[in-house]
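The values are calculated or read from the model by the stated rules, or taken from the named source; none is laboratory data. Since this is a predicted model, take the numbers as computed values, not measurements. With ideal geometry, Cβ positions are generated from the backbone for all residues, glycine too; neighbour counts draw on all protein chains shown.
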Amino acid sequence: MAIAYSQLDVPLRHFSPEIRYCGRFYGQTARGAPLPEAIALGSLIAILTDLPAGLTELGCHPGRVAGGESTYREERSTEVDVLSHPKLRNHLRDLGIELRSFRDFIQH
């Protein structure tokens, strides 16, 4: 039996018309080749600058992978560095972008 996202009370990509999705901040090609320029600070700022007004989920996969195998291991670490870069906070402020959690959009 399928459960509608509204029954779970969580917003989901492509099911919440008021929330757009942006998947451009991704450090590999469609074939899995490294694409480091796509997850550089300048690229993220360009992506954020181009966002339309309203709510957008920025898809990303930041993390520090210790051990184990991951085809996105290096890119995850780079994403952490870029997302926590000191200059990013100023750019967000200048662009009028407010970081939010999906918890803010759960309807009660």
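Descriptive notes on the structure:
- Pairs with Cβ under 6 Å, 6+ apart, first in segment 43-54 and within 14 Å of HIS85 (Cβ to Cβ), second part of a helix (DSSP H, G or I): LEU44/VAL82; ILE45/HIS91; LEU48/LEU95
- The set of residues in segment 29-40 that are assigned to a helix (DSSP H, G or I) and either over 16 Å from GLU74 (Cβ atoms) or of a type in the set (D, E, K, R) (or both) contains only GLU37.
- Here LEU58 meets each of (1) within 13 Å of the chain's Cα centre (by Cα); (2) without any contact (Cβ under 8 Å) to a residue 24 or more places away in the chain with one exception, condition (2).
- Pick from segment 40-54, criterion surrounded by 15 or more Cβ atoms within 10 Å (Cβ to Cβ) and touching a strand residue (DSSP E or B) at 6+ places or on another chain (Cβ under 9 Å), ranking: nearest to LEU99 (Cα to Cα): LEU48
- Total residues in segment 81-105, condition touching a residue at least 12 places away in the same chain (Cβ under 8 Å), over 18 Å from GLY59 (Cβ atoms) and not charged (D, E, K, R): 3
- Residue count for segment 17-28 under the criterion of being within 9 Å of the chain's Cα centre (by Cα) and either part of a loop (DSSP other than H, G, I, E, B) or among the hydroxyl-bearing types (Ser, Thr, Tyr) (or both): the result is 5.
- Residues (charged (D, E, K, R) and either at pLDDT 95 or above or buried (at least 17 other Cβ atoms within 10 Å of the Cβ) (or both)) located in segment 58-79: GLU75, ARG76, GLU79
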